[in-house]
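Written below as structure tokens is the structure these notes are about.
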Amino acid sequence: QVQLVESGGGLVQPGGSLRLSCVASGSIFSIYAMSWYRQAPGKQRELVAIITSGGSTNYAASVKGRFTISRDNAKNTVALQMNSLKPEDTAVYFCNTNLRERGSNSIATFWGQGTQVTVSS
């Protein structure tokens, strides 16, 4: 059974920084794209950043230049460094990955449980 576990959320003042981490564990054959989504109260879940297995990245316009996504393929982890945080970054942040489990011929999508990020003075 594959699991994604996030950590690193919390309360931070505007202009501050947080680093989110996510580790994938279980019977994993190969991990493809890894990404972070967020969902604010009353809003749809949105893509924040994505990184391919080769290291190519893409960001939502609202976070470009402030957030950095990275991954460690050997450890099956993805991180999101968030700098210059704004109140509008407040949301539950979810880790997402597309991967192939051992013994499977198909690629499946998995989600973490989410971690709360609150930006407030």
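The rows are residues; the columns are (1) touching a Gly at 6+ places or on another chain (Cβ under 8 Å); (2) touching a residue at least 12 places away in the same chain (Cβ under 8 Å); (3) within 16 Å of S7 (Cα to Cα).
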| residue | (1), (2), (3) |
| --- | --- |
| S25 | no, yes, yes |
| A40 | no, yes, no |
| S70 | no, yes, yes |
| N96 | yes, yes, yes |
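Please enumerate the residues belonging to the stretch 47-64 that are open to solvent by less than 80 Å² (accessible area, probe 1.4 Å) and either assigned to a loop (DSSP other than H, G, I, E, B) or more than 28 Å from S27 (Cβ to Cβ) (or both). Answer for the stretch 47-64, where residues must be open to solvent by less than 80 Å² (accessible area, probe 1.4 Å) and either assigned to a loop (DSSP other than H, G, I, E, B) or more than 28 Å from S27 (Cβ to Cβ) (or both): T52, S53, G54, G55, S56, Y59, A60, S62, V63.
I'd like to check something: does the stretch 88-96 contain any residue that is at positive phi, outside any strand (DSSP E or B) and either at pLDDT 95 or above or not aromatic (F, W, Y) (or both)? No, the conditions are met nowhere in the stretch 88-96. Scanning the stretch 97-110 for any residue that is within 13 Å of G9 (Cβ to Cβ), loosely packed, with under 14 Cβ neighbours inside 10 Å and at pLDDT 95 or above turns up nothing. Being under 15 Å from G112 (Cα atoms) and of a type in the set (S, T, N, Q) holds for only one residue in T97, T90, and it is T97.
As for the stretch 68-80, it holds at least one residue that is open to solvent by less than 40 Å² (accessible area, probe 1.4 Å), farther than 12 Å from V23 by Cα, in a strand (DSSP E or B) and of a type in the set (V, I, T).
The values are calculated or read from the model by the stated rules, or taken from the named source; none is laboratory data. Remember, predicted model here, so these are calculated numbers, not experimental data. Cβ: placed from backbone, ideal geometry, glycine included. Neighbour counts: every protein chain shown. Please note that ligands, DNA and RNA were not included when accessible areas were found on the heavy atoms of the full protein model with its side chains. Shrake-Rupley method; radii C 1.70, N 1.55, O 1.52, S 1.80 Å.
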